[in-house]
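As structure tokens, the structure follows; a few thoughts come after it.
The values are calculated or read from the model by the stated rules, or taken from the named source; none is laboratory data. Small disclaimer: the values here were computed from a predicted structure and weren't measured. Cβ placement follows ideal geometry from the backbone for every residue including glycine, while neighbour counts extend to all protein chains displayed. Surface areas here come from the heavy atoms of the whole protein model, side chains and all, with no ligands, DNA or RNA. Shrake-Rupley method; radii C 1.70, N 1.55, O 1.52, S 1.80 Å.
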Amino acid sequence: MSSQESLTTEYEFLRHTDDVEELSRRCHTPLPDPSDAAAFSRATALLEAVAGNMSTPEEDRIFLASTMPYPNILVKLSTDPLASVREAVAANTDSKDWLVGRLTKDEDAQVRAKALMNPVTTWRMRMEGAQDERTTDEVLRFLATVGTQEGDKAPVVLAAMVRRAVAQNPHADDDILHNLASDSVPDVAHAAQHALENRQ
């Protein structure tokens with residue numbers, strides 16, 4: 001049997017087995033050193049099969065989603081039927097920005113929240129999150145402060161655009177708006193003041 005046939009056979013076994021102990025063991029087996037490219041590639045491919053097997057215990061899928069930096073594994077876990085697993089991918093700072101961006105559109109509010117607060121999220125996604133009326137108070141509060149902390153390296157113009165979008169979100173609460181009404185960027189402050197005036 002060729003090494004490719006062997007890999008395919010093992011992949012299919014791990015993709016469909018209901019041997020929970022074996023699946024769990026695979027999740028916690030250290031990967032080979034990346035310098036051994038063939039062994040490393042094989043191991044991550046097999047771990048992708050484990051990640052996509054719904055017999056793999058939830059806590060082990062969450063472990064992989066939280067700790068793995070490898071796109072093939074994280075992509076598999078990003079479509080997991082359990083929101084808890086998708087949430088872990090969304091919070092993983094080793095996730096690619098395009099993958100986190102996809103999760104900012106997730107049907108689950110907590111998955112969207114973790115994705116929008118992940119530092120790898122693109123500014124376009126943050127802007128869309130700030131405008132989305134489904135975005136939670138927790139996330140709106142976070143987005144209302146981007147670019148305002150001392151030492152923050154956020155692009156000034158983009159960060160201000162996100163804060164202004166928060167001010168214009170009809171679900172931003174009064175505390176958020178009062179804070180934004182004293183923003184150092186006039187456009188942001190005016191948007192927040194206007195929103196507060198419309199509520200009186």
Sorted list, accessible surface of protein heavy atoms, 1.4 Å probe, largest first, for 107, 128, 197, 150 is 150, 107, 197, 128
Largest first, what is the accessible-area ranking of 40, 13 with a 1.4 Å probe? 13, 40
Please work out how much accessible surface residue 46 shows to a 1.4 Å probe, ignoring ligands, DNA and RNA, in Å² rounded to 10. 10
In debye to the nearest 20, how big a dipole does the stretch 122-199 give about its Cα centre with +1 on each Lys and Arg Cβ and -1 on each Asp and Glu Cβ? 280
Which one of 118, 169, 179 has the biggest mean-square fluctuation once the chain is modelled by GNM with Cα springs under 10 Å? 179
In a GNM of the chain with a 10 Å cut-off on Cα contacts, which of 89, 188, 156 has the highest mean-square fluctuation? 156
Which value, in debye to the nearest 20, gives the size of the charge dipole of the chain about its Cα centre, when Lys and Arg are +1 and Asp and Glu are -1 at the Cβ? 600
Can you give the Rg to Rh ratio for the stretch 1-115, taking only C-alpha atoms and Rh from Kirkwood? 0.99
Which one of 110, 20, 131 is farthest out on the positive end of the charge dipole of the chain, using unit charges on Cβ (Lys, Arg +1; Asp, Glu -1) and the Cα centre as origin? 131
Trypsin sites (Lys or Arg not before Pro) restricted to the stretch 115-178 and DSSP loop, no more than 16 other C-beta within 10 Å: 134, 153
Can you work out the accessible area per residue across the stretch 1-115, with the rest of the protein chains kept in place, probe 1.4 Å, in square angstrom? 50
Qualifying lysines (Cα of each under 29 Å from Cα of residue 76; at least 8 residues distant if same chain): 96, 105, 114
Relative contact order (%) - criterion: Cα under 8 Å, at least six apart; region: the stretch 1-118: 19
Taking only the alpha carbons of the stretch 122-200, the radius of gyration and the largest Cα-Cα distance, Dmax, both in angstrom, are 11.3, 36
Alpha carbon centroid spacing (whole Å) that separates the stretch 125-200 from the stretch 53-120: 26
